[in-house]
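See structure below.
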Amino acid sequence: MNGLNVKPFERIYSSSLFLRRAQLYGEINMGDVSYLEALFGHFSDQKASSRRKAVTISVFTGGGSLDASLALYDLIREYRQCFPVNVLAVGPCMSGGVIVMQAATKRLSYPNARFMVHELAYMGGGSLTAQENEAKEAGRLHKIVRGVLLERSKIDLDKLRKRNGQIDHYYNSDAAMSLGLIDSIVSPNGGKRGSRHYERF
């Protein structure tokens, strides 16, 4: 990358630091954990008056690594003790993205964002012992994810499976709010749609 292209990215990064914003776009992976941990460390190292200001993470993801999603969930919950950490769905917030969102101080969504939850996919292979071990681990992780969703929402993965089978479950922002997946629907102009008020963000 030449010098002409570097400066705009530097300005964008500096602006993000100043505005206390972060982005979680694309497939969730361990690089996102490293990025947000470094960012949170920077924010927590600021003087007290700045340190208490909220940090907002914009999310646009189809999901990704469960390990990375749970690591981000734990990371946000840890730093939430230092300053508010809000998560804003600006588009699709699928699978692991929903897990990450549940850790936020405020769970926010733009009106046209959409959400998807599903139970873990188990792909057994290898020896019988290996398959048994993998199935046991998948069951353990399923309980963790189910607990994350039930802590703040009305979504129970076990009940969804019994009622609808092993399928992906999609929700628009209104449905996500009624089910407790998010706290507020926000709009850049603070306007209204129908009878529901949209917060100014």
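The values are calculated or read from the model by the stated rules, or taken from the named source; none is laboratory data. Remember, predicted model here, so these are calculated numbers, not experimental data. Note that each Cβ is placed from the backbone with ideal geometry, even for glycine, and that neighbours are counted across all protein chains shown. Each accessible area value is taken on the protein alone, full model and side chains, heavy atoms only, with ligands, DNA and RNA left out. Shrake-Rupley method; radii C 1.70, N 1.55, O 1.52, S 1.80 Å.
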First select every other residue whose beta carbon is under 15 angstrom from the beta carbon of ARG80; then total the charges, Lys and Arg +1, Asp and Glu -1. +3
Partners for LYS143 among aspartates and glutamates (Cα-Cα distance below 13 Å; same-chain residues under 8 apart left out): GLU119, GLU151, ASP156, ASP158
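Just reorder LYS143, LYS53 by solvent-accessible area, largest first, 1.4 Å probe, all chains present.
LYS143, LYS53
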What length, rounded to one decimal in nm, is gained on full extension from SER44 through to ARG140, with 0.36 nm per residue of separation minus their alpha-carbon distance? 31.3 nm
Long-range amide H partners of ASN86, meaning residues 5 or more apart or on another chain whose placed amide H is closer than 5 Å, are VAL55, THR56, ILE57, THR105, LYS106
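Which of the residue pairs LYS53/LYS136; LYS53/LYS159; LYS106/LYS159 have a Cα-Cα distance greater than 31 Å in the structure shown? Intermediate values should be presented prior to the final figure.
Values: LYS53/LYS136 42 Å; LYS53/LYS159 39 Å; LYS106/LYS159 26 Å.
Distance filter (> 31 Å) returns LYS53/LYS136; LYS53/LYS159.
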The local net charge around HIS42, scoring Lys/Arg +1 and Asp/Glu -1 for residues other than HIS42 whose Cβ lies under 14 Å from its Cβ, equals +3
